[in-house]
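**Q** Please read through the structure below; I'll follow up with questions.
The values are calculated or read from the model by the stated rules, or taken from the named source; none is laboratory data. This one's a predicted model, so the numbers in the text were calculated from it and none came from an experiment. Every residue, glycine as well, gets a Cβ built from its backbone with ideal geometry; the counts of neighbours run over all protein chains shown.
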Amino acid sequence: MRVLVVGGAGYIGSHVVKELLSHGVEVRVYDNLSTGQTINLFENAEFIEGDILDIPTLEKAMQGVDGVVHLAAKKAVGESMMHPDMYALNNLNGTVNVLNAMVKNNVKYFVFSSTAAVYGMPDRSILDETTPLDPINFYGFSKKMIEEVLSWYDRLKDIKFVALRYFNAVGYDAEGDVKGMEKNPQNLLPIVMETIFSVRPQMTVFGSDYPTKDGTCVRDYIHVSDLASAHYLALEYLKKENQSQILNLGTGTGHSVKEMIDETERVTGKKVNYKMGDRRPGDPAALMAVSLKANELLGWKPVHSSLENIIQTTYQLYQKELGKN
Ligand code: UDP
């Protein structure tokens with residue numbers, strides 16, 4: 001099988017490439033290197049530098065592949081509210097370009113990186129795929145729209161897809177094969193790491209009065225290598241069953257912000273300089289995934305997502321990159 005990984009030089013994409021290669025899949029990476037990094041490329045995967053808005057280059061890259069994994073997207077929630085035009089163009093138009101290039105080249109299988117942000121502020125903490133979708137930011141809205149486009153391309157163009165709704169992606173490849181730290185990280189664990197290494201003088205915990213075990217927000221943190229394995233299994237599923245699916249990917253277990261900080265201090269032996277601050281608008285108290293469907297249909301199970309392993313693998317990379325300063 002030959003697979004085009006769109007966004008394959010990015011944080012999740014590079015882990016997906018490693019996973020596909022380990023199963024003998026022929027991989028071609030397509031990435032514009034806007035946030036992806038050449039350091040994340042694998043020697044035995046072909047690389048084409050290109051943008052999903054550049055239709056001729058995209059169509060060329062699509063030639064001779066059996067399936068596509070599409071992870072190229074803008075993903076900063078705050079930015080999406082200030083620049084919806086940018087998110088509409090890259091996430092919506094860009095994905096439609098990918099789909100049209102597939103149609104033109106008769107490529108049938110599509111694995112899509114969706115997100116728990118499609119659920120917004122749900123009235124419950126434990127979410128399965130039937131939870132109503134009500135995104136509260138333009139990023140989540142763009143992913144929800146694409147899921148809808150996908151079901152129409154399934155009906156009208158016979159493209160079979162698996163949309164994977166990631167919960168909180170964390171961690172790094174344990175063998176150190178993915179070397180690129182994310183630039184300008186916006187998420188909790190990279191911020192905790194940058195605080196340890198004094199890239200930031202101090203971090204803020206957003207809210208300590210939530211109705212949770214210690215008052216701080218609870219999220220479902222899933223190791224990126226576990227996310228990666230789901231992409232391979234999704235491609236196998238599509239080949240075998242030829243049926244579209246939307247699947248949550250999480251562990252089903254929640255950890256609070258305070259737990260993340262305490263466990264980081266324990267695992268690394270370093271102090272995290274933090275202060276308690278106000279709630280961040282749009283943060284639900286707790287979110288956890290039911291991923292039974294991914295388990296039943298794909299045989300997927302997280303095996304890398306213990307809190308200790310998540311922190312250890314992240315620390316390993318940050319130590320290597322920032323520890324020398
Ligand atoms: N968070 C925090 N301080 C930060 C960044 C994040 O307290 O500097 C909290 C945030 O409020 C949320 C959790 O960490 O409860 C995870 O946030 P992140 O932005 O990583 O992911 P989200 O769940 O918002 O997609």
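**Q** So which residues in the range 262-282 are more than 15 Å from the ligand (Cβ to nearest atom) and farther than 14 Å from M203 by Cβ, if there are any at all?
**A** R266, V267, T268, G269
**Q** Sort out which residues of the range 3-37 are out of contact with any strand residue (DSSP E or B) (no Cβ under 8 Å at 6 or more places or on another chain) and under 22 Å from N187 (Cα atoms), and write them in order of number.
**A** From the range 3-37, those out of contact with any strand residue (DSSP E or B) (no Cβ under 8 Å at 6 or more places or on another chain) are 14-15, 18-19, 22-24, 34-37; that's our starting set.
The answer is S14, H15, S34, T35, G36, Q37.
**Q** Taking the condition of being assigned to a helix (DSSP H, G or I) and either of a type in the set (K, R) or in contact (Cβ under 8 Å) with a residue 12 or more places away in the chain (or both), how many residues in the range 1-52 meet it?
**A** Step one: of the range 1-52, the residues assigned to a helix (DSSP H, G or I) are 11-22, 38-40.
From what is left, the residues that are either of a type in the set (K, R) or in contact (Cβ under 8 Å) with a residue 12 or more places away in the chain (or both) are 11-21, 38-40.
Qualifying residue count for the region: 14.
**Q** Say whether the condition of being touching a residue at least 12 places away in the same chain (Cβ under 8 Å), surrounded by fewer than 22 Cβ atoms within 10 Å (Cβ to Cβ), in a helix (DSSP H, G or I) and within 16 Å of the ligand (Cβ to nearest atom) is met by at least one residue in the range 144-162.
**A** Looking through the range 144-162, at least one residue is touching a residue at least 12 places away in the same chain (Cβ under 8 Å), surrounded by fewer than 22 Cβ atoms within 10 Å (Cβ to Cβ), in a helix (DSSP H, G or I) and within 16 Å of the ligand (Cβ to nearest atom).
**Q** Can you spot a residue in the range 226-246 that is surrounded by fewer than 24 Cβ atoms within 10 Å (Cβ to Cβ), of a type outside the set (A, V, I, L, M), within 11 Å of the ligand (Cβ to nearest atom) and part of a strand (DSSP E or B)?
**A** No, that holds for no residue.
**Q** Right, another one. Quick check: anything in the range 301-310 closer than 21 Å to I12 by Cβ, surrounded by fewer than 21 Cβ atoms within 10 Å (Cβ to Cβ) and of a type in the set (V, I, T)?
**A** yes
**Q** Here is a further query. Do we have any residue at all in the range 302-311 that's at pLDDT 95 or above, away from the ligand (no atom under 14 Å from the Cβ), on the phi > 0 side of the Ramachandran plot and touching a strand residue (DSSP E or B) at 6+ places or on another chain (Cβ under 7 Å)?
**A** Among the residues of the range 302-311, not one is at pLDDT 95 or above, away from the ligand (no atom under 14 Å from the Cβ), on the phi > 0 side of the Ramachandran plot and touching a strand residue (DSSP E or B) at 6+ places or on another chain (Cβ under 7 Å), which makes the answer no.
**Q** Could you tell me how many of the residues in the range 181-199 are under 24 Å from the mean Cα position of the chain (by Cα), part of a loop (DSSP other than H, G, I, E, B), more than 9 Å from the ligand (Cβ to nearest atom) and not aliphatic (A, V, I, L, M)?
**A** Residues flagged as under 24 Å from the mean Cα position of the chain (by Cα), part of a loop (DSSP other than H, G, I, E, B), more than 9 Å from the ligand (Cβ to nearest atom) and not aliphatic (A, V, I, L, M) within the range 181-199 amount to 3.
**Q** If you go through the range 56-87, how many residues are of a type in the set (V, I, T) and over 15 Å from L4 (Cα atoms)?
**A** 1
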